[in-house]
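Colleague: Can you keep this structure in mind? I'll have questions shortly.
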Amino acid sequence: MEIIAGTVDTFSADVLFDMARYRYEVFVEKLGWKLHARGRLELDEFDRKDTIYLIARHPDGEIVGTSRLLPTHRPYLLASVFPQLLGDTPAPCSPDVWELSRFAAADGTRLGMAEDPQGWSLALDMLSVAMRTVAKKGGRRLISASPLGIERILRRTGLSMRRVAPPVRVDGQLLFACLIEVDKNWCPRRDRHADAIG
């Protein structure tokens, strides 16, 4: 298994196509999100030349995880689409804070909705790579919109994180915005996250 980071310019057209198809399968088909998609591909206005993607894939090239990183001093999903999750807190607008979105791992699970230990193992490995990638760009925090269930699991990983505002029900699901302090040396402990799933 490898996790690679890059922009549109660093990935082949085939890899980007497979990533967009994987996102469609996860977010539209499996999770039922009402997203704009074309030809079974899921991309939106936040998939830009400056977007950094993390792609997890098997040695045979099959994509089994993806996420997107955006600096908050440019337009990003949480501030543009889900500002209600921020409550009275102003939306971050700084190269120090990066948004983590479209996070999916393993067989269609995503951070906060993974039900199997293998999916969580990959999700936490991807989170570790996301923090190292953002740290290289000068980022000090990640912000993300997540289902409420993710909060307990993130706390058990030993990460420094906090809610931005109280959870809000969106399309029948309780979501919250969370800030995660970037720790480029953090690595998931297998015993911790395996315990967190039970």
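Colleague: Just name the residue that is surrounded by the most Cβ atoms within 10 Å (Cβ to Cβ) out of those in region 141-198 that are of a type in the set (S, T, N, Q) and modelled with pLDDT under 85.
Modeller: The qualifying residue surrounded by the most Cβ atoms within 10 Å (Cβ to Cβ) is Thr157.
Colleague: If I go through region 50-106 residue by residue, how many of them are open to solvent by 60 Å² or more (accessible area, probe 1.4 Å) and either in contact with a Pro (Cβ under 6 Å, 6 or more places away or on another chain) or at positive phi (or both)?
Modeller: Of the residues in that region, 2 qualify.
Colleague: Hey, can you tell me all the residues within region 48-88 that are of a type in the set (Asp, Glu) and closer than 23 Å to Leu175 by Cα?
Modeller: Asp88 - this is the single residue of region 48-88 that is of a type in the set (Asp, Glu) and closer than 23 Å to Leu175 by Cα.
Colleague: Would you tally the residues in region 131-140 being surrounded by fewer than 17 Cβ atoms within 10 Å (Cβ to Cβ) and in contact with a Pro (Cβ under 9 Å, 6 or more places away or on another chain)?
Modeller: 2
Colleague: Follow-up question, since we're still on this one. Going by the structure shown, is Ser128 out of contact with any strand residue (DSSP E or B) (no Cβ under 6 Å at 6 or more places or on another chain) and open to solvent by less than 20 Å² (accessible area, probe 1.4 Å)?
Modeller: So Ser128 passes the test.
Colleague: Under 6 Å by Cβ, and 6 or more places apart or on different chains, what pairs join a residue from region 7-19 that is modelled with pLDDT of 95 or more with one that is part of a helix (DSSP H, G or I) and of a type in the set (Val, Ile, Thr)?
Modeller: Close Cβ pairs satisfying both conditions: none exist.
Colleague: Restricting to region 78-122, name every residue that is assigned to a helix (DSSP H, G or I), at pLDDT below 95 and within 16 Å of Ala177 (Cα to Cα).
Modeller: Residue satisfying the conditions is Val81 alone.
Colleague: Within region 22-39, how many residues turn out to be modelled with pLDDT of 85 or more and surrounded by 15 or more Cβ atoms within 10 Å (Cβ to Cβ)?
Modeller: So the first thing to find is which residues in region 22-39 are modelled with pLDDT of 85 or more, and the list is 22-30, 35, 37-39.
From what's left, surrounded by 15 or more Cβ atoms within 10 Å (Cβ to Cβ): 22-28, 30, 37.
Result for region 22-39: 9.
The values are calculated or read from the model by the stated rules, or taken from the named source; none is laboratory data. Given the structure is predicted, the values throughout are model-derived calculations rather than measurements. Ideal geometry is used to build each Cβ from the backbone, glycine not excepted, and the neighbour counts take in all protein chains shown. Note: areas computed on protein heavy atoms with side chains; ligands, DNA, RNA excluded. Shrake-Rupley method; radii C 1.70, N 1.55, O 1.52, S 1.80 Å.
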